[in-house]
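Chemist: So that we are looking at the same thing, I have put the structure below in structure tokens.
Just so it is clear, none of the values below were taken in a lab; they were calculated from the coordinates. This structure is a prediction, so every number in the text was calculated from the model and none was measured. Note: ideal-geometry Cβ built from the backbone for every residue, glycine included; neighbour counts use all protein chains shown.
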Amino acid sequence: MTKILIIEDEQSIRENILELLNEENFEAIAVENGSKGVQLAREKKPDLIICDVSMPELDGYGVLQALRSEPATAMIPFIFLTALADKANNRKGMELGADDYLTKPCRPVELLNAIDTRLKKQATINQQQSQKLEELRSSITFSLPHELRTPLNGILGFSELLLTELDTLEPEEIKEMVEQIQTSGNRLYRLIQNFLLYAELELIATNSERIKALRNYQTDHVDSVISHQATQQAQQAHRQADLHLKLEDTQLNISPIRLKKIVEELLDNACKFSVPGTRINIVSQVVNNSFILSVSDKGRGMKTEQIDSLGAYMQFERKLYEQQGSGLGLIIVKRIAELHGGSLTIESIPDQQTTVKVILPTN
């Protein structure tokens, strides 16, 4: 049964809406002020909320702002019911994320139509999310075993050769095989770590307390952290000469580990998808209370539809390029940015240039 929460301080209106919704076979619950409404929304997770604007203790705008700031309640359809019919109030409600705005007194049919419209829209969103989840499951089912098998085959294959042919192998051949085993082992380790990190980030996203805890970390001298991580990776990829840094220092509410991970994945992608000898630029700057980290390369780039469909375990044009990697790096960076109140954007010209930007708040 569809659950609807009514937050309304006028008893007669509250009781009329309750009666109407019960007659329409909804499971209706009601409270008389905004503070209780927020608490009940957190506890009951209703399918839709109808809320008055002018209320004591906490008004409707405060209710909406509180619920939209928490992942568990952020997507609940929200209808304002108010006597304030001017455009300024309508706009304020919509800017905060309200789905609809009805003026009191409204006819029962108007309220029921608004409820029906919002529930249908939410059902469509839920269906799309389920489809994306199923696509992710399918992608993991097909991609992950392959990603695990490839480096594992390298480890098993070379170690078997060492065991069976050790007496006939030259020292240089042995050294080369051990290096290949180490390379495959490092690749396998990184893949497993990324998979576990991605799962952890998805779990954090469902818990508002863990999100708050995540944002309580702090990194000073951000430029030094970025420079050290980028230089270290460029050396490992033998791309030191290609790396160009232009960094502005600041302080961020993010742990050094998470910031290093952002740099690691962005630079790994830039090195992986561009030719040695071409320039890789890393630029950071603070603009209007936002920290912007940009990583640009002169590689093959991405098409618009590829950027739009960016998702975990999606390696674009894999058959064409046979590039190693699960495509999980960018989605990890995107999720880290979002959990810290930021975002990730990609600008790309196929076969010319790609710029990935991570934007994080500075306060």
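Chemist: Looking at the square roots a ≥ b ≥ c of the eigenvalues of the Cα gyration tensor of segment 202-291, which shape do they give, rounded for a/c under 1.5, prolate if a/b is larger than b/c, or oblate? Let's see the in-between values first.
Modeler: Working: a/c = 2.52, a/b = 1.70, b/c = 1.48.
Prolate is the answer for segment 202-291, as a/c is 1.5 or above and a/b outweighs b/c.
Chemist: Between segment 228-255 and segment 179-213, what's the alpha-carbon centroid distance in Å?
Modeler: So the separation of the two Cα centres works out to 21 Å.
Chemist: First select every other residue whose beta carbon is under 13 angstrom from the beta carbon of residue 120; then total the charges, Lys and Arg +1, Asp and Glu -1.
Modeler: Values: positive: 118, 121; negative: 47, 99, 100, 116.
For residues surrounding residue 120, the net value is -2.
Chemist: Compute for segment 142-204: radius of gyration divided by Kirkwood radius, i.e. Rg/Rh, restricted to C-alpha atoms, rounded to two decimals.
Modeler: Numbers: Rg = 15.3 Å, Rh = 13.1 Å.
Value, to two decimals: 1.17.
Chemist: When only C-alpha pairs under 8 Å and at least 6 residues apart count, what is the relative contact order of segment 142-204, in percent? Show your work: numbers first, answer last.
Modeler: Working: 28 pairs, mean separation 27.4, N = 63.
Relative contact order of segment 142-204: 43 percent.
Chemist: Right, another one. Ordered by residue, what ³J(HN,Hα) values in Hz, to whole numbers, does segment 340-353 give under the Karplus form 6.51 cos²θ - 1.76 cosθ + 1.60, where θ = phi - 60° and Gly and Pro are x?
Modeler: Calculated HN-Hα couplings, in order: 9, x, x, 7, 10, 10, 10, 10, 8, 10, x, 6, 10, 7 Hz.
Chemist: Please give the net charge around residue 153, taking every other residue with its beta carbon less than 13 angstrom from that of residue 153, where Lys and Arg add +1 and Asp and Glu add -1.
Modeler: Values: positive: 149, 187; negative: 147, 160.
That sum, taken over residues with Cβ under 13 Å, equals 0.
Chemist: Taking 0.36 nm per residue of sequence separation and subtracting the Cα-Cα distance, how much length would be gained by fully extending the chain between residue 186 and residue 207, in nm to one decimal?
Modeler: Numbers: separation 21, 0.36 × 21 = 7.56 nm, distance 3.18 nm.
So the extension gain works out to 4.4 nm.
Chemist: Okay, moving on. Near the amide H of residue 55, under 5 Å away, which other amide H atoms are found, from residues 5 or more places off or on another chain, if H is placed in the peptide plane?
Modeler: For residue 55, whose amide H was placed from the backbone, the distant partners under 5 Å are 60.
Chemist: Ok, one more. Between residue 174 and residue 57, what is the spin-label point distance in nm, taking each point 7 Å from the Cα along the Cα→C-beta axis?
Modeler: That separation, rounded to one decimal, is 7.7 nm.
Chemist: Could you check the spin-label model distance between residue 75 and residue 117? Points 7 Å from the Cα along Cα→Cβ, value in nm.
Modeler: 2.2 nm
Chemist: Another question, then. Mind scanning 45/261; 175/272; 212/246; 272/357 and naming the pairs with a C-alpha gap bigger than 27 Å?
Modeler: From the list (45/261; 175/272; 212/246; 272/357), the Cα-Cα distance tops 27 Å for 45/261; 212/246.
Chemist: When a footprinting reagent is the concern and you count Cβ atoms within 10 Å, what order do 55, 177 take, fewest first?
Modeler: Details: 55 23, 177 19.
Going from sparsest to densest Cβ surroundings: 177, 55.
Chemist: A further question follows. Give me the aspartates and glutamates in straight-line cross-link reach of residue 298: C-alpha distance below 13 Å, same-chain residues under 8 apart excluded.
Modeler: 242, 347, 351
Chemist: Can I ask one more? Using the Karplus equation 6.51 cos²θ - 1.76 cosθ + 1.60 (θ = phi - 60°), what ³J(HN,Hα) coupling, rounded to whole Hz, does each residue of segment 46-56 give in order, writing x for Gly and Pro?
Modeler: Residue by residue, segment 46-56 yields x, 7, 7, 10, 10, 9, 6, 8, 8, 9, x Hz.
Chemist: Further, regarding this structure: R0 = 51 Å: FRET efficiency of residue 199 with residue 288, Cβ-based, nearest 0.05? Walk me through the intermediate numbers first.
Modeler: Numbers: r = 34 Å, r/R0 = 0.67.
Calculated transfer efficiency: 0.90.
Chemist: Sorted by packing (mean other beta-carbon atoms within 10 Å per residue), highest first, where do 57-67, 260-270, 194-204 land? Walk me through the numbers on the way to the answer.
Modeler: Working: 57-67: 19.4, 260-270: 22.6, 194-204: 15.1.
Highest-to-lowest ranking by the protection proxy: 260-270, 57-67, 194-204.
Chemist: Report the Stokes-Einstein translational diffusion coefficient (µm² s⁻¹, integer) for segment 3-106, Rh taken as the Kirkwood radius over Cα pairs, at 4 °C with viscosity 1.567 mPa s. Spell out each step's value before the answer.
Modeler: Details: Rh = 13.4 Å.
So the translational diffusion coefficient is about 97 µm²/s.
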